[in-house]
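The values are calculated or read from the model by the stated rules, or taken from the named source; none is laboratory data. Note that the coordinates shown come from a computational prediction; the quantities given were computed from them, not determined experimentally. Because the Cβ atoms are built from the backbone with ideal geometry, glycine has one as well, and the counts that use them run over all protein chains shown. We work out accessible area using only protein heavy atoms, side chains counted, and drop any ligands, DNA or RNA first. Shrake-Rupley method; radii C 1.70, N 1.55, O 1.52, S 1.80 Å.
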Amino acid sequence: MSENYRDCVEACYICAAFCDNCAASCLEEEDIDMMRECIRLDMQCANLCRLTAQFIALGSDSVKELCKLCADICQKCGDECGKHEHDHCQECAKACHHCADACRKMAA
């Protein structure tokens, strides 16, 4: 597996873990209504990141298309998380934006 592939797989799994943590932490916040979109995107992003990493490892012919989609969802999730001041949201935003960059490189 090339270095770009390894970087992307690692970024995807790290992003998924931060998204899972963010979603779980958002559920503990007082104003859960305000966190609804953050939680929704966290769950989608985490699942897509794990799937993307798996498809990369399997050497799928669909990697470029999947990485493009993953980059788009990571960007959306990171942008949404970045709107919230909670540490878990800010950490998640960083992981999402890093993963979006890694996936864009793979999709190129």
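Tell me which of these ASP42 doesn't satisfy, since it passes every other one: (1) without any contact (Cβ under 8 Å) to a residue 12 or more places away in the chain; (2) acidic (Asp, Glu); (3) open to solvent by less than 80 Å² (accessible area, probe 1.4 Å). Only one criterion in (1) without any contact (Cβ under 8 Å) to a residue 12 or more places away in the chain; (2) acidic (Asp, Glu); (3) open to solvent by less than 80 Å² (accessible area, probe 1.4 Å) is unmet by ASP42, namely (1). Within the range 50-66, the residues that satisfy the criterion of being closer than 13 Å to GLU10 by Cα, open to solvent by less than 30 Å² (accessible area, probe 1.4 Å) and of a type outside the set (S, T, N, Q) are ALA53, ILE56. Among the numbered conditions (1) open to solvent by 90 Å² or more (accessible area, probe 1.4 Å); (2) over 20 Å from ARG40 (Cα atoms); (3) part of a loop (DSSP other than H, G, I, E, B), the only one that LYS105 does not meet is (3).
For every residue, the table says whether it meets (1) at pLDDT 95 or above; (2) under 28 Å from SER2 (Cα atoms).
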| residue | (1), (2) |
| --- | --- |
| MET34 | no, no |
| LYS68 | yes, yes |
| GLY82 | yes, no |
| ASP87 | yes, no |
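Residues in the range 1-25 that are under 17 Å from ALA100 (Cβ atoms), open to solvent by less than 20 Å² (accessible area, probe 1.4 Å) and without any contact (Cβ under 8 Å) to a residue 60 or more places away in the chain: ALA16 only.
Looking across the range 78-93, the residues that are open to solvent by 30 Å² or more (accessible area, probe 1.4 Å), part of a helix (DSSP H, G or I) and free of Cβ contacts under 8 Å to residues at least 24 places away in the same chain come down to ASP79, GLY82, ASP87, GLN90.
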